[in-house]
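Novice: Got a structure here, written out as structure tokens. Questions coming.
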Amino acid sequence: MTEQILTVSELTSGIKRLLEGHFPAVVVKGEISNFKLHSSGHIYMTLKDEGSQVPAVIWKNIRMKLPVELKDGLEIIARGRIEVYPPSGRYQLICTSATLAGEGALQQAFAMLMEKLAVKGYFNQEHKKSLPGIPEKIGLVTSGTGAVIEDMGNVFKRRFPAARLMLYPVKVQGTEAAESVVSALAYFNNPVNPDHKPDIIIVARGGGSLEDLQAFNEESVALAIFGSSIPVISAIGHETDVTIADMVADRRAGTPSIAAEIAAPDTQELLRHFDTLVNRQCTVLHARLEGTERQIGSLVGSYAFNRPQVKLEQYSEQIDHLVRYMSTSARSALKHTERHFSSVAGKLALLDYRRTLQRGFTLVRNNDDSYITSSSSLRKADSASVVFHDGEVAIDVSRKQPPPGKASEQGRGPGEY
């Protein structure tokens, strides 16, 4: 008999077929150790118990859907399949889901989400929106049947029947409940018909176990409530039940009926308040009317109101005085201006060259209309004009008289050019 010799790859392939074929789907409970979140987004870890351990992988797309954040020390229930990884010759668990295991798993998940949201400030008071005093439209996110919707309807009918109630029926329990609540909140915040946008939203559910209320402890519901632009009242379970939805909401109500009382004002109380405001305004109005009447009476009885003619005469006399004053001032100013004008005119007359010409002086003007001020500017046979006070005479220069005290040129008579 010939011994069969296998290669490592052949042996690994055989083991891979056997294991993967025998364990196509498994559910494993174990404690997480060696937890590592890779930069790719995948999780690599080890599941162990008292006697054994198995490598496990959670791909990124699965990790994004997990209801809890995993870390070392958590005991989980992982569902998936066994896969052999030939390059390292080892088998590993490929997880398709992971949930907390053991007693108190829901409480543990609740505590982890509480811590996560608290760090992000989702419970801080500064993020709480104020509730409208008199809402016209109220959105209800709850089951379409049952005692909750009936109880709230009775409260609204009794306290504020004028409110318009808009119900978005949702599942309040089970795997699809959280998604249903998120869809309702999204619709009310961005309705197809703007008339369907409420002034306030009530998210309500009756009492139940922690498992029954789990949908309202989901992170997706918390994020939807926190991101709502419309104020949200959360009324989940009984007075003693506290969910994450209650803490994220703008206001928590112990029961759905209390939520209805918080959201809607009491009509009778509003009417009483309205009567108080009307009485207060009437009192203020009467006081103002009385004050105005007293002022009118004072004016009617005053000297100015009863003797208007006296005031008119006084004003007329003041006007006459002002007219006389203005006339006198205008005449005085005019005479002063005339005297000043005459003085300036006399001074200008003294500077008039025609006055000088009347005293026997003349001006000599060249042909280019420039005045001659020196004998040196004229030569024999030049033409010029002599300006008298009463006209001009044209002249021709025939000879030139030398300046006094100077001898005449040789060969020429006195005054000859």
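Novice: With a cut-off of 8 Å between alpha carbons and a minimum separation of six or more residues, what is the relative contact order of the range 8-102 in percent?
Specialist: On the way: 188 pairs, mean separation 29.5, N = 95.
Rounded, it is 31 percent for the range 8-102.
Novice: Here is a further query. Output the 0 to 90 degree angle, nearest 10, between the alpha-carbon long axis of helix 105-119 and the longest principal axis computed from the alpha carbons of the chain.
Specialist: 10 degrees
Novice: Under a point-charge model restricted to the Cβ atoms of Lys and Arg (+1) and Asp and Glu (-1), what is the dipole moment magnitude of the range 131-204 relative to its Cα centre, in debye to the nearest 20?
Specialist: Details: 7 positive and 7 negative charges, 51 e Å.
Taking the Cα centre of the range 131-204 as origin, the dipole is about 240 debye.
Novice: Less than 29 Å apart at the alpha-carbon level, and either on another chain or at least 8 residues along: which lysines does that give for K380?
Specialist: K400, K406
Novice: Where in the range 41-111 are there chymotrypsin sites (Phe, Trp or Tyr not before Pro) that are in a DSSP coil and have at most 15 other Cβ atoms within 10 angstrom of their Cβ? Don't skip to the end; give the middle numbers.
Specialist: Values: sites: Y44, W59, Y91, F110; in loops: W59.
Those satisfying the criteria are W59.
Novice: For the range 55-111, which trypsin sites (Lys or Arg not before Pro) are both in a DSSP coil and crowded by at most 14 other Cβ atoms within 10 Å? Don't jump to the answer; show the numbers that get you there.
Specialist: Numbers: sites: K60, R63, K65, K71, R79, R81, R90; in loops: K65, K71.
Sites meeting the loop and neighbour criteria: K65, K71.
Novice: Comparing N279, N366, N61, which has the greatest mean-square fluctuation in the GNM of the chain with Cα pairs linked when under 10 Å apart?
Specialist: Maximum fluctuation in the GNM of the chain, among the listed residues, is at N366.
Novice: Using alpha-carbon pairs under 8 Å, 6+ residues apart, how would you state the relative contact order of the chain in percent? Could the numbers behind the result be given before it?
Specialist: Values: 591 pairs, mean separation 36.3, N = 417.
For the chain, the relative contact order is 9 percent.
Novice: To the nearest 20 debye, what charge dipole does the range 22-128 have about its Cα centre, counting +1 at the Cβ of each Lys and Arg and -1 at the Cβ of each Asp and Glu? Numbers along the way, then the final one.
Specialist: Values: 13 positive and 10 negative charges, 91 e Å.
Rounded to the nearest 20 debye, it is 440 debye.
Novice: Order 205-212, 342-349 from most to least packed using the mean count of other Cβ atoms within 10 Å. Please report the intermediate quantities before stating the final value.
Specialist: Details: 205-212: 16.0, 342-349: 9.5.
Result, highest mean first: 205-212, 342-349.
Novice: For the peptides 27-36, 246-255, 283-292, what is the packing order when you average, over each peptide's residues, the other Cβ atoms within 10 Å and list the highest mean first?
Specialist: On the way: 27-36: 14.9, 246-255: 20.5, 283-292: 10.0.
Taking the mean over residues of other Cβ atoms within 10 Å, the ranking is 246-255, 27-36, 283-292.
Novice: For the charge dipole of the range 70-201, defined by +1 on Lys and Arg C-beta atoms and -1 on Asp and Glu C-beta atoms about the Cα centroid, which residue among Y85, N189, P135 has the Cα displaced farthest towards the positive pole?
Specialist: Towards the positive end, the residue furthest out is P135.
Novice: Over the range 142-242, calculate the relative contact order: mean separation of alpha carbon pairs under 8 Å at least 6 apart, over the residue count, as a percent.
Specialist: Numbers: 119 pairs, mean separation 29.4, N = 101.
Value for the range 142-242: 29 percent.
Novice: Can you list the GluC sites (Glu not before Pro) in the range 45-83 that are in a DSSP coil and have 15 or fewer other beta carbons within 10 angstrom? Let's see the in-between values first.
Specialist: On the way: sites: E50, E69, E75, E83; in loops: E50, E69.
Of the GluC sites (Glu not before Pro), the ones in loops of the range 45-83 whose Cβ has at most 15 other Cβ atoms within 10 Å are E50, E69.
Novice: Taking a threshold of 32 Å on the Cα-Cα distance, which of the pairs K116/K171; K60/K120; K60/K129 fall above it?
Specialist: Details: K116/K171 26 Å; K60/K120 23 Å; K60/K129 36 Å.
Going by Cα-Cα distance, K60/K129 fall outside the 32 Å limit.
Novice: Also, I was wondering about something else. Give, rounded to the nearest 20 debye, the magnitude of the charge dipole that the chain has about its Cα centre when Lys and Arg contribute +1 at Cβ and Asp and Glu contribute -1 at Cβ.
Specialist: On the way: 47 positive and 47 negative charges, 569 e Å.
For this selection, approximately 2740 debye.
Novice: Pairs K48/K71; K157/K197; K36/K71: which exceed 18 Å Cα-Cα? Working shown, then result.
Specialist: Numbers: K48/K71 13 Å; K157/K197 21 Å; K36/K71 8 Å.
Flagged as over cut-off: K157/K197.
No value in this document is a laboratory result; all are computed from the given coordinates. This is a predicted model, so every value here is computed, not measured. Every residue, glycine among them, receives a Cβ derived from its backbone with ideal geometry; neighbour counts consider all protein chains shown.
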